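Please read the structure below before turning to the comments.
The values are calculated or read from the model by the stated rules, or taken from the named source; none is laboratory data. In this text, all values refer to a predicted model and were calculated from it rather than measured experimentally. Glycine gets a Cβ as well: all are built from the backbone with ideal geometry, and neighbour counts include every protein chain shown. Heads up: the accessible areas ignore ligands, DNA and RNA and are worked out on the full protein's heavy atoms, side chains in. Shrake-Rupley method; radii C 1.70, N 1.55, O 1.52, S 1.80 Å.
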Amino acid sequence: MKRENALSILKKLIQIKSVNQNEATVADYIADLFHPYPAAQVTRVEYAPGRTNLVITVNGQADGKIIGLAGHTDVVAPGDVANWKYPPFSGTEAMNKIYGRGATDMKSGLAVAAMVCVLLDLLAAGTPFNGKIRLFATVGEETGEYGAAQLTKQGFADDLDALIIGEPSNLNVEYTHRGVIDYTVMSVGKSAHSAEPQRGINAIQNLLLFYPRIQALMASKDQVDPVLGGLLHNITLISGGDQINSIPARAMLSGNVRTIPAYPTKNLMTEITQLVAELNQIDGVHLEITYHYPESPLPGNPKAPFVQLVKQIAAERLDREIPVVGDSGATDASEFIHAAKRFPIVIFGPGNDSGHQVDENVVISNYLAAIQIYHQVIDTFLK
């Protein structure tokens, strides 16, 4: 694909304001790009009105392996647009970069840009290959990976043999990352005058019973991953009460856990829930816990053949050593790992560390290099 065409696709994607919603507009744009190619099977999977996942499958000439390419179509809010050098939804080209919200995270590496360009090139050229290529453009990654979860539950990833997620990695190869557990504990008490506390139930005092217990539980998880480090836990929100001379009837505490493969998300959630149940056995204590889109850690093997394949091709194309590393954040891989069979997942994209920031950008040469690397990985893997 010509440079100007590849950049035009990226710029148009950035110009779509898919801030945690409106992903259907992105899906429509991508689908239209593939309309001239009947060999591309385009499937729309609606998550909610205005929120559409897209799955595009291109079949080769013979049976063979299936490689997946994935990325999300939502972006975070731009914040105060006055602080941006260029309008956040302009897709401005300047200083050998493309600026805009989503330029790095992740409309450049996402299936809707570099990966889309690869498939369009293959279709336009009629390039023969064996097996299948399946592209996933998912909704809601920034707020909980629920598009990837929906597609995984519906079986779209069950037959994959490998998957590349185009999240920003500075063109390094990532094979593992942390998971996330966001939880909220609500303490329900009974209001009363502070001069007669015996008539009420102090929700704040009961909530504070939870704090040392959760700290002790998390401290007991002392295994350290050689790449990701140890499990992380922070209390990040707390509130309660109405006024200073009233016994509080409600109080709330929220925490964030960054998990590692040694401590599976589901197991940790079970232990936290059991802890709350134990505290509720105390007279007058009424705690309720809720979880917000928990995300599993991504286990992986840095020496896996697919990981090494991406590393080798990237090193040859970029003429530099390619680190094989982990990531402290989570991705759609947290959901795709729940498919019917295990397959290697590599996170590899042209984006940098400007994601979620003012003046988010992607270096044009990295974006174009990602297109070439994805293309070569597909060619080699499907031989």
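Please work out if ILE247 is more than 30 Å from ARG317 (Cα to Cα), in contact with a strand residue (DSSP E or B) (Cβ under 7 Å, 6 or more places away or on another chain), surrounded by 21 or more Cβ atoms within 10 Å (Cβ to Cβ) and not hydroxyl-bearing (Ser, Thr, Tyr).
yes
Quick one: in the range 335-383, of everything that is of a type in the set (D, E, K, R) and modelled with pLDDT under 95, which residue is farthest from the chain's Cα centre (by Cα)?
LYS383
Taking the range 279-293, which residues are within 14 Å of ILE181 (Cα to Cα), touching a helix residue (DSSP H, G or I) at 6+ places or on another chain (Cβ under 8 Å) and at pLDDT 95 or above?
Hits for the range 279-293 are ILE289, TYR291.
Scan the range 268-296 for residues that are surrounded by fewer than 14 Cβ atoms within 10 Å (Cβ to Cβ), hydrophobic (A, V, I, L, M, F, W, C) and more than 18 Å from ILE204 (Cβ to Cβ) and report the count.
Of the residues in that region, 1 qualify.
Taking the options VAL276, VAL227, name whichever one is modelled with pLDDT of 95 or more, in contact with a Leu (Cβ under 6 Å, 6 or more places away or on another chain) and of a type in the set (A, V, I, L, M, F, W, C).
Numbers: VAL227 fails: in contact with a Leu (Cβ under 6 Å, 6 or more places away or on another chain).
Only one candidate qualifies: VAL276.
Taking helices (runs of 4 or more DSSP H) that do not extend beyond the range 290-383, which have at least 3 residues that are over 23 Å from ARG3 (Cα atoms)?
Fully inside the range 290-383 and qualifying: 305-318, 333-336.
When the range 78-107 is examined, which residues are found to be open to solvent by 60 Å² or more (accessible area, probe 1.4 Å) and among the aliphatic types (A, V, I, L, M)?
The answer is VAL81, ALA82, MET95.
Yes/no matrix, rows are residues, columns are (1) in contact (Cβ under 8 Å) with a residue 24 or more places away in the chain; (2) over 23 Å from GLY144 (Cβ atoms); (3) open to solvent by less than 20 Å² (accessible area, probe 1.4 Å); (4) out of contact with any Lys or Arg (no Cβ under 9 Å at 6 or more places or on another chain):
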| site | (1), (2), (3), (4) |
| --- | --- |
| THR331 | yes, no, yes, yes |
| PHE336 | yes, no, yes, yes |
| ALA340 | yes, no, no, yes |
| ILE347 | yes, no, yes, yes |
| VAL362 | yes, yes, yes, no |
| ASN366 | yes, yes, no, yes |
| TYR374 | yes, yes, yes, yes |
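Tell me whether the range 150-159 contains one or more residues that are under 20 Å from GLU360 (Cβ atoms), aromatic (Phe, Trp, Tyr) and buried (at least 19 other Cβ atoms within 10 Å of the Cβ). Please lay out each step first, then the result.
Taking the range 150-159 as the starting set, the residues that turn out to be under 20 Å from GLU360 (Cβ atoms) are none.
No, the range 150-159 has no match at all.
What are the residues in the range 263-289 that are within 21 Å of the chain's Cα centre (by Cα) and either among the aliphatic types (A, V, I, L, M) or not in a helix (DSSP H, G or I) (or both), if any?
Residues satisfying the conditions are TYR263, PRO264, LEU268, MET269.
Considering only residues of the range 26-74 that are surrounded by fewer than 18 Cβ atoms within 10 Å (Cβ to Cβ) and of a type in the set (Asp, Glu), which is modelled with the lowest pLDDT?
ASP63
Does LEU123 count as surrounded by 20 or more Cβ atoms within 10 Å (Cβ to Cβ) and at pLDDT 95 or above?
The answer is no for LEU123.
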